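Read the structure below first, then the notes.
The values are calculated or read from the model by the stated rules, or taken from the named source; none is laboratory data. As the structure is a computational prediction, the values presented were derived from the model and not from experiment. Note: ideal-geometry Cβ built from the backbone for every residue, glycine included; neighbour counts use all protein chains shown.
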């Protein structure tokens with residue numbers, strides 16, 4: 001979370017999108033910015049000691065068997081003007097096309113006839129419109145949460161690998177970044193992390209690890 005947030009603030013000063021993906025050293029649980037901490041803690045039970053509140057919305061996500069990514073769209077970029085639901089669908093369309101290259105068929109969850117309001121509960125147990133699903137629509141494959149701020153849009157998303165029969169991370173990464181580049185109208189290029197990254201993100205590590213943020217979204 002700290003690295004994603006640092007990247008969002010840093011890249012917000014530019015006009016170029018940024019993308020990264022990462023794994024998990026051990027299982028953790030993240031939950032949405034607007035969710036009630038006590039409810040989340042009770043819902044995850046024994047995993048409550050591994051909770052981290054995200055800066056983005058959405059519901060509970062259990063990490064460990066997933067492919068996680070972060071996408072930053074700065075305010076000065078054309079993609080930042082895209083309506084949120086359309087952007088959500090476009091990103092999942094890019095994931096679907098990348099998975100199709102590995103012969104993994106998926107589908108988009110259709111929009112409900114009546115809109116419902118409220119904060120999501122368990123992200124992968126309660127799929128919403130335009131989530132990416134298995135071909136038969138029974139299981140959720142990919143979801144994401146967003147935050148729109150003055151600097152742009154932060155997208156934090158994940159793919160549940162446990163529902164995929166076969167998955168090549170390296171092949172998918174190449175295909176997905178190509179699809180994202182087409183979507184955003186950019187040519188991909190690799191950028192090295194700054195040598196002082198640990199120092200730069202240290203304040204955010206402290207923030208996301210604090211009990212005040214975990215419980216009440218308050219920064220000490």
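The set of residues in region 135-177 being free of Cβ contacts under 8 Å to residues at least 60 places away in the same chain and assigned to a helix (DSSP H, G or I) consists of 163, 170, 174.
Just a yes or no: is a residue in region 67-85 surrounded by 16 or more Cβ atoms within 10 Å (Cβ to Cβ) and out of contact with any strand residue (DSSP E or B) (no Cβ under 6 Å at 6 or more places or on another chain)? Yes, that holds for at least one residue. Across region 201-220, the qualifying residues are those that are outside any helix (DSSP H, G or I) and more than 20 Å from the chain's Cα centre (by Cα), and the one among them that is modelled with the highest pLDDT is 210.
Checking the stated criteria, residue 191 turns out to be within 18 Å of residue 73 (Cα to Cα) and assigned to a loop (DSSP other than H, G, I, E, B). Of the residues screened, residue 175 is not one that is more than 19 Å from the chain's Cα centre (by Cα) and either surrounded by 13 or more Cβ atoms within 10 Å (Cβ to Cβ) or within 16 Å of residue 10 (Cβ to Cβ) (or both). Residue-level check: of (1) in contact with a strand residue (DSSP E or B) (Cβ under 7 Å, 6 or more places away or on another chain); (2) under 17 Å from residue 3 (Cα atoms), residue 180 misses just (2).
Selection within region 186-200: residues that are within 28 Å of residue 86 (Cα to Cα) and touching a helix residue (DSSP H, G or I) at 6+ places or on another chain (Cβ under 7 Å). The member of this set that is modelled with the highest pLDDT is 187. All told, residue 127 meets the bar of being in contact with a strand residue (DSSP E or B) (Cβ under 7 Å, 6 or more places away or on another chain), buried (at least 16 other Cβ atoms within 10 Å of the Cβ) and in a loop (DSSP other than H, G, I, E, B).
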